[in-house]
Amino acid sequence: MPARLDAPLKVTGSAKYGVDHNFPDMVYGYVVVSTIAHGEIESMDVTAVKSAPGVLGVYTPFDPLVMNAAMSPSFGETWVPLRSKKVVYVGQPIGFVVAETFEQARDAAMLVEVGYRQLPALTSLPDGLATAEAAVPAHVDTPPEIAVLADGVESIEDALAASPVVVDATYSTAPQHHTPMEPHSAVAVWESGRLTVYSGNQGANLQAVELATALELDPAAVRAVNPFVGGAFGGKARTSAPAFLAAAASRALGRPVKASLTREQVFTATAGRAATVQRITLGAERDGTLVALRHDSWSSTDIERSFIEPTSHGTSREWYATPNLAISQKVVPLHLPPPTFMRAPGEAPGSFALESAMDELAEALGMDPIELRQRNNSLAPPGKDLQWSSKHLDECFRIGAERFGWAERSPRGRADGDWLVGMGTAVAMFPALRFPASVGITLNADDTADVQTSGADPGTGLLTVLSLVGAESLDIAPERITPRLGDSALPPGGMSGGSTATASAGTAIMAGAAKVIDELLALASAPGAPFAGEEVTYADGRVHGGVPGDGRTMTFGEVLRAVGRPSLTAVGSSAPGEEMTKHSFSSFGAQFVEVRVHRLTREARVSRMLGVFDGGRVINDQAARSQLKGGMIWGVSAALHEGFEVESSGRFANADLAGYLIPVNADIPDIDVHFVEYPDTLHNDIGARGLGEIGTVGMAAAVANAIFNATGIRVRHIPIRIEDLL
Ligand code: MOS
């Protein structure tokens, strides 16, 4: 069995993604997007479009497809295209042209003439957001603030004023995009009043509900299928514009419709990551003990205020022990595409600020950055009573320092020929969550078993996890398990997001396996069955009779055949429960980076990196490692490559894969990933806490800290470019 079941299919090109599906009479849709950032569509002239060759349908806000606002089970109201003449960003879907061929649809779409009434647009965060002098702009919302103060302390300002050492710095992070390899796309097919949509997304059953709401259908009449997803990272949690449009147009035209965003449209007609500005103020004793921590954040959001990048208080809050903590989070609505969850939402940009500031504090104290972090290790989230269920961050640092050769680090870096070499470190942390999930377990008469859930595998390895945990729970070889996922017709597995899928689905598998084994034993010992009236047990995929040592056993397949059953199915479900009242849950890690900055050209290159992670039990070593490596690469990308260049018009100047920089192989050295493995059965029965997103957390700060170590230059924004190091 390959370490990743889907690997051979993916590398040979035989995995069928959404738009790889073809049907007789299928036609093609092309999305038209806005070219202004803010205004009202006054007219859309589609006369030429309608008479263009092959055109079958032209849909605009003046002549829309029949769709409602969609309610998502996870996200509330989900944006459905073409329902408004209001334009609130460049690249917003405003039309849909369907034709016999893709080329005809694309050609015709170019003929749409749009008349706008243009309005002033705000397309970047105002300067000086974090300075006391800056007037708070009227467009800034203020969600509730969080403050924890020690007894007798009046305010965070007092606590900071009383601190012997203070670091006060403002950091900023660029707006980003998930840039999944598979563009958001769909094929929609209607058959006898039932809709099937093939579209890469993070949760088939959730997409089916959203589509049913938008199209006013019985949820049972909608099937969403996504056995393969070409990257998602939070950007495919909601139903995409092409999926809504293809489904509605297919209904209107009575033909299967295929639609995909172009690469450029992916950057705007879907959601990305907000820009942030974060001011961190740390107050400490001279020995490094934190006295006070203040974290004020401003993040961009869309005009509808649909998402707040939770830099400082989403789910994990801050991660150091401190008697005084103050957190505020403000949003600035801009005329830019909406932000949404993007891998380690909040923690990724938040950790750049916090972990850079901790490095600045270590510098101010003349203290080793690891020692400073260990001194402020927390037993529980600040201001909360519930202790972490399992935390081995100190061990991560101990092992990491040893493996990485941290002892060689000098406070002022070192030179190697023309290269200035520095080392940096940072804490990684990501909350351990679980979502409700159901998994069906079927024992078959041929001694195989099926493990099935609607949940998605967006490259995370869930398919293999179903097989491995299924095999373990049924006590049979993984080769005998047939895992299936990515189909809303299967038991509802919820969303692959929040680094939860292994813990959520895994726990449900265990529950389902226990149930199906109970039913098997009841069947085996029922009157007339092979073990009638006996005390039976289950092990090794076999039912064992009640007389110990008499050796009478049958495989589950033999039992099923004996009682004339082709199969036996049970559905197991799991959801967060009582454990939430007993402990706090998080995964932890220590990131290490070595950077080389060229003395003359000032280019910065990551030359070594190591992550040591404490994420509970590892179910599939290869998949877990690969998730973490991907996350760490993403962190390097955030630090040195990625970011939208927003023109004042609100257009992205680099909305393509040539201009939107992400690392290539030459940018990434060998990556060392190490696990300290303490199964966390306080969190869930399989003891796995989730490793999907933590890999990126802390990395950008570790790179910036290594650059400081190498050059003495502290860069407080990402991405860090050559011009920052001149
Ligand atoms: Mo993710 S940002 O948990 O899909």
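Summary table below
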{"read-out": "Test result for Leu560, modelled with pLDDT of 95 or more and assigned to a helix (DSSP H, G or I)", "value": "yes"}
{"read-out": "Test: residue in segment 611-629 that is within 21 Å of Arg373 (Cα to Cα), of a type in the set (Asp, Glu), touching a residue at least 24 places away in the same chain (Cβ under 8 Å) and away from the ligand (no atom under 16 Å from the Cβ)", "value": "yes"}
{"read-out": "Cross-chain or 6+ apart pairs with Cβ under 8 Å, segment 459-470 first and over 15 Å from Gly231 (Cα atoms) and not assigned by TED's automatic domain parsing to the domain that holds Thr448, then at pLDDT 95 or above and charged (D, E, K, R)", "value": "none"}
{"read-out": "Residue match in segment 694-706 (condition: buried (at least 16 other Cβ atoms within 10 Å of the Cβ), under 30 Å from Thr268 (Cβ atoms), hydroxyl-bearing (Ser, Thr, Tyr) and within 16 Å of the ligand (Cβ to nearest atom))", "value": "yes"}
{"read-out": "Yes/no for Pro120 being closer than 20 Å to Val33 by Cα, crowded, with 21+ Cβ neighbours inside 10 Å and at pLDDT 95 or above", "value": "no"}
{"read-out": "Test: residue in segment 115-128 that is among the hydrophobic types (A, V, I, L, M, F, W, C), farther than 26 Å from Gly234 by Cα and part of a loop (DSSP other than H, G, I, E, B)", "value": "yes"}
{"read-out": "Subset of segment 697-718 that is of a type in the set (Val, Ile, Thr) and under 22 Å from the mean Cα position of the chain (by Cα) - its residue that is nearest to Ser356 (Cα to Cα)", "value": "Val703"}
{"read-out": "Sole residue being away from the ligand (no atom under 16 Å from the Cβ), out of contact with any Leu (no Cβ under 7 Å at 6 or more places or on another chain), within 25 Å of Ile619 (Cβ to Cβ) and not assigned by TED's automatic domain parsing to the domain that holds Arg238, chosen from Ala477, Ala524", "value": "Ala477"}
{"read-out": "Matching residues, segment 446-474, being out of contact with any Gly (no Cβ under 8 Å at 6 or more places or on another chain) and within 16 Å of the ligand (Cβ to nearest atom)", "value": "Gly461"}
{"read-out": "Residue list for segment 187-207, restricted to those being part of a loop (DSSP other than H, G, I, E, B) and more than 14 Å from the ligand (Cβ to nearest atom)", "value": "Ser192, Gly193, Ser199"}
{"read-out": "Pair list, Cβ < 7 Å and 6+ apart or interchain, from segment 29-46 residues that are touching a residue at least 40 places away in the same chain (Cβ under 8 Å) and on the phi > 0 side of the Ramachandran plot to residues that are charged (D, E, K, R) and assigned to a strand (DSSP E or B)", "value": "Gly39/Arg117"}
{"read-out": "Matching residues in segment 208-239 - criterion: being away from the ligand (no atom under 14 Å from the Cβ), under 17 Å from the mean Cα position of the chain (by Cα) and within 20 Å of Leu65 (Cα to Cα)", "value": "Thr239"}
{"read-out": "Output for segment 373-389, where each listed residue is under 26 Å from Glu309 (Cβ atoms), in contact with a Phe, Trp or Tyr (Cβ under 8 Å, 6 or more places away or on another chain) and outside any helix (DSSP H, G or I)", "value": "Asn376, Ser378, Ala380, Pro381, Pro382, Trp388"}
{"read-out": "Complete set of residues in segment 34-71 that are modelled with pLDDT under 95, small (Gly, Ala, Ser) and surrounded by fewer than 18 Cβ atoms within 10 Å (Cβ to Cβ)", "value": "Ala69"}
{"read-out": "Single match in Ala449, Ala489, Ala456, Ala437 (criterion: surrounded by 24 or more Cβ atoms within 10 Å (Cβ to Cβ), within 27 Å of the chain's Cα centre (by Cα) and either over 24 Å from Leu682 (Cβ atoms) or among the β-branched types (Val, Ile, Thr) (or both))", "value": "Ala456"}
{"read-out": "Filter result for Ala380 (within 16 Å of the ligand (Cβ to nearest atom) and among the aliphatic types (A, V, I, L, M))", "value": "no"}
{"read-out": "Index of the failed condition, Ala526 passing every other in (1) out of contact with any Lys or Arg (no Cβ under 9 Å at 6 or more places or on another chain); (2) within 27 Å of Ala15 (Cβ to Cβ)", "value": "(2)"}
{"read-out": "Residue ranges of strands (runs of 3 or more DSSP E) in segment 390-503 with at least 3 members within 27 Å of Gly18 (Cβ to Cβ)", "value": "437-444, 449-452, 481-484"}
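Rundown of residues vs (1) modelled with pLDDT of 95 or more; (2) in a helix (DSSP H, G or I); (3) within 16 Å of the ligand (Cβ to nearest atom), yes/no style:
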position: Gln329; (1), (2), (3): no, no, no
position: Val332; (1), (2), (3): no, no, no
position: Pro345; (1), (2), (3): no, no, yes
position: Ala353; (1), (2), (3): yes, yes, no
position: Met358; (1), (2), (3): yes, yes, no
position: Leu361; (1), (2), (3): yes, yes, no
position: Glu371; (1), (2), (3): yes, yes, no
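The values are calculated or read from the model by the stated rules, or taken from the named source; none is laboratory data. Computed from a predicted structure; not experimentally measured. Cβ atoms come from the backbone with ideal geometry, glycine included; neighbour counts cover every protein chain shown.
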